[in-house]
Amino acid sequence: MLRIFICAILCNLFLAVSISTAEFQSLYVENGTLYYEDGNEVVFWGVNLQPSLSWEYNRMKRHGLHDPFDKDDYKAMIDEAYDELEIMGVNLIRIHLSPGDITDKEGNLVENRWLDLTDYVLAEAEKRGMYTYLAFLNTLGVARGKDTFISRSNQTKPMWMVDPVFIQKSERFMHQLLNRKNSYLNDIKYKNSPALALVEPINEPGYFSRETIEDFPDCFKIYEDWIDNHERLDDENAFYNWRMITSKSYINRMVDFFKKEEVRAPMVWSMEWPRMMEWTGKDVFEAAAESDAPIVSVCFYPGQSVAYGKKGNDLKLVGEENYFEYISKSYNLQEWHGWLREDRFRGKARIVYEFETYYNQRSYLYPLMAKYFRAQGIQAAAMWTYLLPVQAEYTAAAHHLNLKTTPHKAAAFMAAGAVMYEYPRYLPYKTTSSVDDFSKNLALSYVKGSSAYADSSKLIYSDGLPKEFSDRLHINTESLNHIVGCGQSPVANYEGSGLYIVNRIDDKKIELIIMPESKFIIPHYLPNERGEKVVDLNRNKLNTFTLNLKDCSKQTVVYRLEKGKLKKINQYYKKGLHFKAKSGKYLIYNEAGGR
């Protein structure tokens with residue numbers, strides 16, 4: 001009976017930890033807040049996931065991974081990625097759709113590998129209770145080359161909102177995709193998926209300057225006609241007035257388009273980076289504020305500007321920089337992201353379509369960023385971009401998050417998710433000092449490069465639990481049900497480098513996952529050669545694991561799950577439960593409680 005019980009709970013390991021739910025609800029925006037249909041405020045914590053793009057596949061192919069392509073193996077990798085994301089508590093998947101992979105020159109869908117994989121990625125998200133967020137137009141990929149209506153060049157982006165021929169083709173693409181029947185979901189149309197939460201017509205819109213529009217004769221003619229019709233002089237003020245009107249008109253057109261398509265998901269309009277107002281102009285913000293778009297989105301990349309122009313070992317400095325000041329400026333300066341709290345945007349909900357630390361493996365930033373998000377009234381955030389299993393071992397890049405290869409960042413990501421859920425919106429952003437922050441349930445330090453979160457039921461720490469963290473957090477070990485950690489704490493010690501997750505089932509039963517040993521063998525900021533691993537994962541090294549919870553005693557027995565069978569392992573009790581462990585799944589059972 002015990003064996004049947006153990007196998008059943010291990011097959012559903014950590015569903016209790018996940019913040020996702022299979023109970024999908026429609027969403028709506030009212031007075032600047034995104035709500036579920038039951039009236040509760042929405043909170044999404046997620047990632048961008050891109051296995052359905054040729055762009056992502058080609059990154060793997062360059063290292064000889066999944067080459068030649070095998071559909072079953074590739075889908076198994078996607079399944080494993082979703083397994084990891086479930087453990088990490090993700091409840092939102094954002095996908096940059098790539099029309100350059102799946103359309104012809106007129107914007108019609110083309111049946112191919114990438115379209116099938118898009119079906120599959122969306123289906124798996126829905127099956128696992130995760131909401132989906134689709135960004136329709138972008139330049140990533142373009143596997144079909146000149147046989148598609150969209151160009152890979154970002155220089156073409158400004159025409160997307162102006163050129164009527166392009167707009168017609170793009171709407172044809174969006175219409176056909178929204179009405180596509182997903183064979184992995186019993187032929188439910190994309191637009192009727194209960195998981196579809198957010199739609200975004202353009203990933204990071206582009207805007208003409210007065211100089212660049214002349215390179216696009218058809219668009220320039222539209223501007224010149226507007227000048228003539230309005231009897232205006234062709235000057236800077238006229239151009240920005242035209243651009244504001246054109247941008248607002250396009251945004252409203254897209255709102256109407258999705259309404260006519262009977263898409264229940266609210267539409268998002270991207271307002272991009274901090275300092276976009278400074279770089280692009282105030283007119284596009286005026287357009288967004290006056291538009292019918294119910295949601296505005298931003299991205300957030302501390303370190304991106306520091307990395308600009310750097311190569312090789314100089315990129316190491318990007319991850320070592322202190323980003324407390326950057327985040328504070330983003331909050332306080334109107335031309336950065338301070339505009340989010342202006343009265344003119346009060347009626348719009350706000351989300352983060354992408355965020356990430358840049359060439360940075362320190363684990364203090366995610367929770368600090370989540371605190372900043374909540375202070376800005378943000379209700380959803382999707383990290384860019386989650387690295388896929390296997391691929392993550394070969395990836396040296398500005399962005400690197402994976403449950404197994406970056407254990408410290410993965411723990412910090414989960415702590416940040418807790419911050420998103422527990423912190424109220426619009427709580428003014430401030431930190432204890434310019435190098436650390438101790439606030440409600442949260443402790444983090446730039447100096448130590450780590451963070452921790454604790455409440456009555458959860459404890460999460462990214463690199464052990466320093467004394468000043470534990471002193472501030474007032475951890476109650478008696479009520480803890482979930483522990484996520486790397487390193488050592490008063491309740492759990494692990495001598496290995498892998499992330500571990502402890503989940504209390506009841507007073508007599510605890511389940512445990514231990515991730516593989518992880519080590520960067522090439523610095524994360526340096527490029528690697530074809531087929532050269534960046535991260536080494538060791539799944540077989542034994543390390544001592546110690547657990548010190550009320551459930552543990554001399555009568556406690558530890559089982560390891562191997563190939564669907566339970567194997568009892570040696571342990572002893574002395575000021576905590578001690579046993580040797582390697583990556584895998586375990587059940588810790590108090591025999592004194594009876595079976």
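Overview of results
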{"quantity": "Criterion violated by Leu117 - all others in (1) of a type outside the set (Lys, Arg); (2) crowded, with 18+ Cβ neighbours inside 10 Å; (3) under 16 Å from the mean Cα position of the chain (by Cα) satisfied", "calculated": "(3)"}
{"quantity": "Pair list, Cβ under 8 Å, 6 or more apart: the range 180-198 residue among the hydroxyl-bearing types (Ser, Thr, Tyr), other residue part of a loop (DSSP other than H, G, I, E, B)", "calculated": "Tyr190/Asn179; Tyr190/Arg180"}
{"quantity": "Which numbered condition Thr139 misses (of (1) assigned to a loop (DSSP other than H, G, I, E, B); (2) over 21 Å from the mean Cα position of the chain (by Cα))", "calculated": "(2)"}
{"quantity": "Residue list for the range 446-504, restricted to those being in a loop (DSSP other than H, G, I, E, B), over 22 Å from the mean Cα position of the chain (by Cα) and of a type in the set (S, T, N, Q)", "calculated": "Ser456, Ser457, Asn476, Thr477, Ser479, Asn481, Ser489, Ser497"}
{"quantity": "Among (1) of a type outside the set (Gly, Ala, Ser); (2) loosely packed, with under 14 Cβ neighbours inside 10 Å; (3) within 25 Å of Ala412 (Cα to Cα); (4) over 30 Å from the mean Cα position of the chain (by Cα), the one test that Phe545 misses", "calculated": "(2)"}
{"quantity": "Test: residue in the range 87-96 that is assigned by TED's automatic domain parsing to the domain that holds Ala415 and in a helix (DSSP H, G or I)", "calculated": "yes"}
{"quantity": "Filter result for Ser363 (assigned to a loop (DSSP other than H, G, I, E, B) and either surrounded by 21 or more Cβ atoms within 10 Å (Cβ to Cβ) or modelled with pLDDT under 95 (or both))", "calculated": "yes"}
{"quantity": "Residues that are free of Cβ contacts under 8 Å to residues at least 24 places away in the same chain and crowded, with 19+ Cβ neighbours inside 10 Å, drawn from the range 467-494", "calculated": "Ser470, Ile475"}
{"quantity": "Residue match in the range 393-407 (condition: touching a strand residue (DSSP E or B) at 6+ places or on another chain (Cβ under 7 Å), buried (at least 22 other Cβ atoms within 10 Å of the Cβ) and free of Cβ contacts under 8 Å to residues at least 60 places away in the same chain)", "calculated": "no"}
{"quantity": "Matching residues in the range 500-527 - criterion: being among the charged types (D, E, K, R) and either more than 16 Å from Lys580 (Cα to Cα) or modelled with pLDDT under 95 (or both)", "calculated": "Arg504, Asp506, Asp507, Lys508, Lys509, Lys519"}
{"quantity": "Residues of the range 258-284 classified as without any contact (Cβ under 8 Å) to a residue 60 or more places away in the chain, farther than 27 Å from Ser26 by Cα and either surrounded by 22 or more Cβ atoms within 10 Å (Cβ to Cβ) or of a type in the set (A, V, I, L, M) (or both), total", "calculated": "1"}
{"quantity": "Test: residue in the range 394-412 that is assigned to a helix (DSSP H, G or I), closer than 16 Å to Ala452 by Cα, out of contact with any Ser or Thr (no Cβ under 8 Å at 6 or more places or on another chain) and assigned by TED's automatic domain parsing to the domain that holds Glu41", "calculated": "yes"}
{"quantity": "Per-region count, the range 47-63, residues crowded, with 21+ Cβ neighbours inside 10 Å, farther than 23 Å from Phe373 by Cβ and touching a helix residue (DSSP H, G or I) at 6+ places or on another chain (Cβ under 6 Å)", "calculated": "3"}
{"quantity": "Selection count where residues are charged (D, E, K, R) and in contact with a helix residue (DSSP H, G or I) (Cβ under 6 Å, 6 or more places away or on another chain), scope the range 477-519", "calculated": "1"}
{"quantity": "Of residues in the range 220-246 being of a type in the set (S, T, N, Q) and farther than 17 Å from Pro205 by Cβ, the one surrounded by the fewest Cβ atoms within 10 Å (Cβ to Cβ)", "calculated": "Asn229"}
{"quantity": "Options Glu335, Glu354, Glu325: the member that is farther than 14 Å from Gly449 by Cβ, acidic (Asp, Glu), over 18 Å from the mean Cα position of the chain (by Cα) and not in a helix (DSSP H, G or I)", "calculated": "Glu335"}
{"quantity": "Scan of the range 331-351 for residues that are under 26 Å from His400 (Cβ atoms), surrounded by 24 or more Cβ atoms within 10 Å (Cβ to Cβ) and either charged (D, E, K, R) or in contact with a helix residue (DSSP H, G or I) (Cβ under 6 Å, 6 or more places away or on another chain) (or both), ordered by number", "calculated": "His337"}
{"quantity": "Only one of Lys533, Lys565, Lys585 that is surrounded by fewer than 13 Cβ atoms within 10 Å (Cβ to Cβ) and not hydroxyl-bearing (Ser, Thr, Tyr)", "calculated": "Lys565"}
{"quantity": "Filter result for the condition that a residue is in the same structural domain as Ile327 (by TED's automatic domain parsing) and either acidic (Asp, Glu) or free of Cβ contacts under 8 Å to residues at least 40 places away in the same chain (or both), over Ile227, Ile213, Ile245", "calculated": "Ile227"}
{"quantity": "Unique match (being assigned by TED's automatic domain parsing to the domain that holds Trp273 and in contact with a His (Cβ under 7 Å, 6 or more places away or on another chain)) among Asn179, Asn203, Asn186, Asn192", "calculated": "Asn203"}
{"quantity": "Residue among Tyr353, Tyr308 that is in the same structural domain as Asn31 (by TED's automatic domain parsing), touching a residue at least 40 places away in the same chain (Cβ under 8 Å) and among the aromatic types (Phe, Trp, Tyr)", "calculated": "Tyr353"}
{"quantity": "Subset of the range 192-216 (residues that are buried (at least 21 other Cβ atoms within 10 Å of the Cβ), among the aliphatic types (A, V, I, L, M) and either out of contact with any Pro (no Cβ under 9 Å at 6 or more places or on another chain) or part of a helix (DSSP H, G or I) (or both))", "calculated": "Ala195, Leu196, Ile213"}
{"quantity": "In the range 97-115, the residues that are assigned to a loop (DSSP other than H, G, I, E, B) and on the phi < 0 side of the Ramachandran plot", "calculated": "Leu97, Ser98, Asp104, Lys105, Glu106, Asn108, Val110, Glu111, Asn112"}
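Residue-wise test of (1) modelled with pLDDT of 95 or more; (2) part of a loop (DSSP other than H, G, I, E, B); (3) buried (at least 16 other Cβ atoms within 10 Å of the Cβ).
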{"residue": "Ile4", "(1), (2), (3)": "no, no, no"}
{"residue": "Leu13", "(1), (2), (3)": "no, yes, yes"}
{"residue": "Ile19", "(1), (2), (3)": "no, yes, yes"}
{"residue": "Glu23", "(1), (2), (3)": "no, yes, no"}
{"residue": "Gly39", "(1), (2), (3)": "yes, yes, no"}
{"residue": "Trp45", "(1), (2), (3)": "yes, no, yes"}
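The values are calculated or read from the model by the stated rules, or taken from the named source; none is laboratory data. These numbers come from a predicted model, not from an experiment. When we count neighbours, we look across all protein chains shown, and the Cβ atoms used for this are built from the backbone with ideal geometry, even at glycine.
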